Amino acid sequence: MIAALLPAPVVTAELFHDPPGPPGLFPEEERVVAGAVAGRRREFASVRACARQALARLGLPPAPLLPGARGAPRWPEGVVGSMTHCQGYRAAAVARATDLLAVGCDAEPNAPLPSPDTLELISLPQERVWLREFAARRPAVSWDRLLFSAKESVYKTWFPLTGRPLDFDEAVITPDPVAGTFRAELLVPGPVVDGVRITAFDGRWRTGNGLVVTAIGLRPPVRSTTSARTGPARGGAVPFDDRRT
């Protein structure tokens, strides 16, 4: 599912069930989940199996993939990537840092968020307008869950570039229900890359197999010859403290 959402430099791997047998973890990874329940250990191992498969396609050897600051995975030198897992799905997407600035991906069940309070927490007033409209037009898509997933993908793209969190109300998501795309406009100053300030992220989404999946592959910004040193670029960010990797 996830491969169709990302540009060609990105390599992906996915699973719809956990592999049989004991989890294949490095000792350093084993220590991270030593006290975790069996389900957490399985998803932790399975998503890393996806990541190692994707890294192998880039020609890189197996290596420990440990959580770093705020749960973000620490990738090998010269690699950017993202991992995601939910019930019935594990996936990883990686690329060389020479090709992309960052990758963010997220998968969620295509089911409503658990409560109205959760929606209030993650959404902005302008987002709740399109949520109502799209829910009436295409009820087969859980648009509130898609919003959550998009903000997860944005955060996973944002955090490696900035090293700082981003709150739910600091970016606004606007999806295209026909094209299967979305835009995340930053409401706070974005990172500056090669003298260009990134102001938004563009991503893609799709549903299938009971899931909603979102992803962003952020290319280096194109500097306009007329822009200021830190003028805006099309590419950008949002927040979510995802500790599930």
Which of the residues spanning the range 128-143 are in a helix (DSSP H, G or I) and surrounded by fewer than 21 Cβ atoms within 10 Å (Cβ to Cβ)?
Arg128, Val129, Trp130, Leu131, Arg132, Glu133, Phe134, Ala135, Ala136, Arg137
Show the residue pairs meeting these rules: Cβ distance below 7 Å; 6+ apart or different chains; first residue within the range 186-209 and outside any strand (DSSP E or B); second residue open to solvent by 50 Å² or more (accessible area, probe 1.4 Å) and of a type in the set (Val, Ile, Thr).
Gly195/Thr230
Find all pairs meeting these conditions: Cβ atoms under 8 angstrom apart; at least six residues apart or on different chains; first residue within the range 94-112 and assigned to a loop (DSSP other than H, G, I, E, B); second residue polar (S, T, N, Q).
Asn110/Ser142; Asn110/Thr207; Ala111/Ser142; Pro112/Ser142
From the list Thr118, Thr181, Thr162, which residue is of a type in the set (Ser, Thr, Tyr), surrounded by fewer than 23 Cβ atoms within 10 Å (Cβ to Cβ) and under 13 Å from Ala215 (Cα atoms)?
Thr181
Would a scan of the range 98-121 turn up a residue that is at pLDDT below 95 and hydroxyl-bearing (Ser, Thr, Tyr)?
yes
Any chance Val192 is modelled with pLDDT under 95, over 18 Å from Thr84 (Cβ atoms) and either among the β-branched types (Val, Ile, Thr) or open to solvent by less than 40 Å² (accessible area, probe 1.4 Å) (or both)
yes
Hey, can you tell me all the residues within the range 165-178 that are out of contact with any Leu (no Cβ under 8 Å at 6 or more places or on another chain), surrounded by 14 or more Cβ atoms within 10 Å (Cβ to Cβ) and not in a loop (DSSP other than H, G, I, E, B)?
Thr174
Within the range 147-156, how many residues are of a type in the set (A, V, I, L, M, F, W, C) and either in contact with a helix residue (DSSP H, G or I) (Cβ under 9 Å, 6 or more places away or on another chain) or open to solvent by 10 Å² or more (accessible area, probe 1.4 Å) (or both)?
2
Can you name the condition, by its number, that Glu30 falls short on among (1) open to solvent by 10 Å² or more (accessible area, probe 1.4 Å); (2) in a loop (DSSP other than H, G, I, E, B)?
(2)
Suppose we keep only residues that are out of contact with any Pro (no Cβ under 8 Å at 6 or more places or on another chain) and modelled with pLDDT under 95 within the range 63-87. Which one would you say is most open to solvent (accessible area, probe 1.4 Å)?
Ala69
For the range 33-80, the count of residues that are at positive phi, in contact (Cβ under 8 Å) with a residue 12 or more places away in the chain and outside any helix (DSSP H, G or I) equals 1
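The values are calculated or read from the model by the stated rules, or taken from the named source; none is laboratory data. Given the structure is predicted, the values throughout are model-derived calculations rather than measurements. Heads up, the Cβs are rebuilt from the backbone with ideal geometry, glycines too, and the neighbour counts pull from every protein chain shown. Remember, those area values only see protein heavy atoms, side chains included, never the ligands or the DNA or RNA. Shrake-Rupley method; radii C 1.70, N 1.55, O 1.52, S 1.80 Å.
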